[in-house]
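K.L.:
Questions regarding the structure given below will be posed in turn.
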Amino acid sequence: MIIGIIDYGMGNLFSVEQALKKLDCTVILSDDPETLLEAEAILLPGVGAFPDAMELLNQKGLSTFIQSLPQKGIPLLGICLGMQLLYEDSSEVRPTQGLGLLKGQIRRFERGAYRIPHMGWNRLEFSRLPYWLEDLQVDTHVYFVHSFLAVNTEPEQVWATASYGSIDVPGVVGSGLITGMQFHPEKSGDFGHYLLEQWIANVRRNQDEQVSDLSRN
């Protein structure tokens, strides 16, 4: 599969590029929408502050390109900050409008009896299985590093959460051809690599399939 990685200046792209190549993907690394359209699926990475990322995406004409991907039938995966950018807005640094592809906002963890940032290995609990994920492994631990999380989300758009303090942190989210992962799958051990592999292998299956509700199984 040909995967386009959006190179907009806000992310360490080497690790995800190498992970994709190990999965026999051809990688297009670009900030040009026309070039990225040569890909069969798009990956939106991100490390840093939400408003800085949105400013760069807007300047490069990438925001409208990303927002058009569902209509073009092109799968999209947002990783870490890239996942947060998929939501409606963020309060990080200053109020900033996001891409609006998923329902909800990005807000800082409230102070409590837990450390901020949420950092370390944490287990994903799946309430529903996305259509591109065939099965779960026994160990679903992935590695988180973030101080902001998605809130006021639509339940059907949150596929897996990680428990941190008294909070269920959205970890794997999505709707249709749009998928987000709050962690870096390429840095999250066997299960992270499995999720990335599954997304690449199966994301072009019929996205209209019923997402499996695990609570009914």
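The values are calculated or read from the model by the stated rules, or taken from the named source; none is laboratory data. The shown structure was predicted, so the numbers you read here are calculated from the model rather than taken from an experiment. Every residue, glycine as well, gets a Cβ built from its backbone with ideal geometry; the counts of neighbours run over all protein chains shown. All accessible areas refer to the heavy atoms of the entire protein, side chains included, with ligands and DNA or RNA removed. Shrake-Rupley method; radii C 1.70, N 1.55, O 1.52, S 1.80 Å.
K.L.:
Looking only at helices (runs of 4 or more DSSP H) that fall completely inside segment 35-135, which ones have 2 or more residues that are among the β-branched types (V, I, T)?
P.N.:
Helices (runs of 4 or more DSSP H) meeting the threshold: 62-72.
K.L.:
Just one of G61, G73, G104, G120 is on the phi > 0 side of the Ramachandran plot and either surrounded by 15 or more Cβ atoms within 10 Å (Cβ to Cβ) or among the polar types (S, T, N, Q) (or both); which is it?
P.N.:
G104
K.L.:
When you scan segment 1-14, how many residues do you find that are open to solvent by 10 Å² or more (accessible area, probe 1.4 Å), within 16 Å of the chain's Cα centre (by Cα) and modelled with pLDDT of 90 or more?
P.N.:
Qualifying residue count for the region: 1.
K.L.:
Take segment 157-177 and flag every residue that is touching a helix residue (DSSP H, G or I) at 6+ places or on another chain (Cβ under 7 Å) and open to solvent by 10 Å² or more (accessible area, probe 1.4 Å).
P.N.:
Correct list: S175, G176, L177.
K.L.:
How many residues, within segment 140-156, are surrounded by 12 or more Cβ atoms within 10 Å (Cβ to Cβ) and either under 14 Å from G180 (Cα atoms) or not hydroxyl-bearing (S, T, Y) (or both)?
P.N.:
11
K.L.:
If the requirement is being touching a strand residue (DSSP E or B) at 6+ places or on another chain (Cβ under 6 Å), modelled with pLDDT of 95 or more and within 24 Å of R94 (Cα to Cα), which of these qualifies: L44, L57?
P.N.:
Numbers: L57 fails: touching a strand residue (DSSP E or B) at 6+ places or on another chain (Cβ under 6 Å).
The match here is L44.
K.L.:
Based on what the data block shows, is E154 modelled with pLDDT of 95 or more, more than 23 Å from L44 (Cβ to Cβ) and among the charged types (D, E, K, R)?
P.N.:
For E154, the condition - modelled with pLDDT of 95 or more, more than 23 Å from L44 (Cβ to Cβ) and among the charged types (D, E, K, R) - is not met.
K.L.:
Taking Y143 as meeting all but one of (1) under 23 Å from I6 (Cα atoms); (2) touching a helix residue (DSSP H, G or I) at 6+ places or on another chain (Cβ under 9 Å); (3) assigned to a loop (DSSP other than H, G, I, E, B); (4) of a type in the set (S, T, Y), write down the number of the exception.
P.N.:
All conditions pass for Y143, except number (3).
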